Amino acid sequence: MEVRAVAGPLAATFADVRAAAGRIAGVVHRTPVLTSQALDAACGGARVFLKCESFQRTGAFKFRGAYNRLSQFTPEERTGGVITYSSGNHAQGIALAARELGIPATIVMPTDAIAPKVAATKGYGAGIEWIDRQTENGYETAARIARERGSTFVPPFDDAGIIAGQGTAALELCEQAGEPLDVFLAPLGGGGLLSGCALAMHGTSPRTVLYGVETETANDWVLSFAAGHPVRIPPPMTVADGIKTEVPGDLTFPIIYSLVTDVRTVSDDEVLHAMRLVLFRLKILIEPTAAVPLALLLSGRLGDLAGQRVGVLISGGNVDPALLAEVAGQTEASPAADSGSR
């Protein structure tokens, strides 16, 4: 795998991912890897392995990084509590990890966060502070509240402990898939998931070709890859609510830029099509962000992948009920279950 040069050491290492795997063992679910003959055919004959973090605690991969990071808090940090900013999945991950570890948690959330993610965050016992993401900076607000309260601010992706924890998903996938993967894809927002997964893949299967995938309107990583440095975009509007980031992270960008082969984009319509296919063919529910890398694979724009082993990180399954109704209402031509699934 080609490696681009970056200045200075990376924020996390493969050894950190390994250590995180030991730290979260027995607390975080070892999620299943699903396969489907119908999906393989739709992806041009590739052998597709779906790492389904939709079956993770909180319904998304974020619990991995959250528990890894919070479990390393000092006694003083635990007393002071944790504060973060998130539109939903990181919020739930931090809230549950904090509850498990007895740490007070406050989440700064945008007013357009989807209702199920808000309800789950409250259900795990976290307090919520609201902001308008179009006019206020959630990270700055959360950091300010942390300073005022003497709490620890844990960002949703730009943190070494978060990065290492997220990478354990790819570490598991490599073990579960058996033979090495030829290609690996993951959704790309702030970069915590893909940076951790890139470290894991580079440490276990360095020949694997890695792709990050974002939507066309949330293309900060495509622009940043072209420029060779992080590029900020206006707050993006996209159906994939988990990747509405405006700029790559200071810690995640060097890892992804140095280890990931390329970043590609898909349309919102392609994302909804991928969601629909998985719902009707594999009978599993995934959220829009989780469908982003699968949408690229289904598009055929990666070229001929016939016979290649392709890993896809399905990041979560927390879907807005209104969007689910829209997706389910537009049926596939042949919605029968795939007897070769699982």
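The values are calculated or read from the model by the stated rules, or taken from the named source; none is laboratory data. Worth saying up front: this structure is predicted, and the values here are computed from it rather than measured. Neighbour counts are summed over all protein chains in view; Cβ atoms, including those assigned to glycine, are modelled from backbone coordinates with ideal geometry. Accessible surface areas use protein heavy atoms only, side chains included; no ligands, DNA or RNA. Shrake-Rupley method; radii C 1.70, N 1.55, O 1.52, S 1.80 Å.
Values as computed for the structure displayed
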item	result
Debye, to nearest 20: dipole size of region 1-109, +1 on Lys, Arg Cβ, -1 on Asp, Glu Cβ	160 debye
Amide N proximity, region 272-302 versus Ala119 label position 7 Å along Cα-to-Cβ, cut-off under 18 Å	285-288
Net charge, Pro180 excluded, C-beta distance under 10 Å - Lys, Arg +1, Asp, Glu -1	0
Burial order of peptide ranges 136-145, 257-266, 62-71 (average beta-carbon count within 10 Å, highest first)	62-71, 257-266, 136-145
Using distinct alpha-carbon pairs, which all enter the 1/r mean, Kirkwood radius of region 208-326 in Å	15.0 Å
Farthest positive-ward along region 232-333 dipole, Cα basis, beta-carbon charges - from Val312, Ile243, Leu324	Val312
Long pairs among Lys51/Lys244; Lys122/Lys283; Lys62/Lys117; Lys62/Lys283; Lys117/Lys244, criterion Cα-Cα beyond 18 Å	Lys51/Lys244; Lys122/Lys283; Lys62/Lys283
Charged-residue dipole, Cβ positions (Lys, Arg, Asp, Glu), the chain about Cα centre, Debye nearest 20	860 debye
Assigned charges on the beta-carbon of Lys, Arg, Asp, Glu; region 218-330 dipole about Cα centre (debye)	340 debye
Accessible solvent surface per residue of the chain, calculated while the other protein chains remain in place, 1.4 angstrom probe, Å²	37 Å²
Percent RCO, i.e. relative contact order, over region 110-174, from Cα pairs under 8 Å lying at least 6 residues apart	23 percent
Pair Thr135, Asp250: separation of 7 Å Cα→Cβ label points (nm)	2.8 nm
Kirkwood hydrodynamic radius of region 228-298, from inverse mean 1/r over distinct Cα pairs, in Å	13.5 Å
Sum of side-chain charges, Pro116 neighbourhood, beta-carbon under 13 Å (Lys, Arg +1; Asp, Glu -1)	-1
Between helix 89-101 and the chain: long-axis angle, C-alpha atoms, 0 to 90°, nearest 10	60 degrees
For q = 0.07, 0.15 Å⁻¹, Debye-computed log10 I/I(0) when each Cα of the chain counts as one equal scatterer	-0.25, -1.26
Over the chain, relative contact order from alpha-carbon pairs under 8 Å, at least 6 apart, %	24 percent
Inter-probe distance in nm under a simple model that places probes 7 Å from Cα toward Cβ, at Asp262 and Arg301	1.0 nm
Within the accessible area of region 109-178 (1.4 Å probe), percent carbon and sulfur	48 percent
Environment charge of Gly212, counting only residues whose C-beta is closer than 12 Å and scoring Lys/Arg +1, Asp/Glu -1	-2
Per-selection Kirkwood Rh - region 194-259 (Cα, Å, 1 d.p.)	12.5 Å
Normalised contact order of region 65-194, rounded percent, pairs of Cα under 8 Å and 6 or more residues apart	28 percent
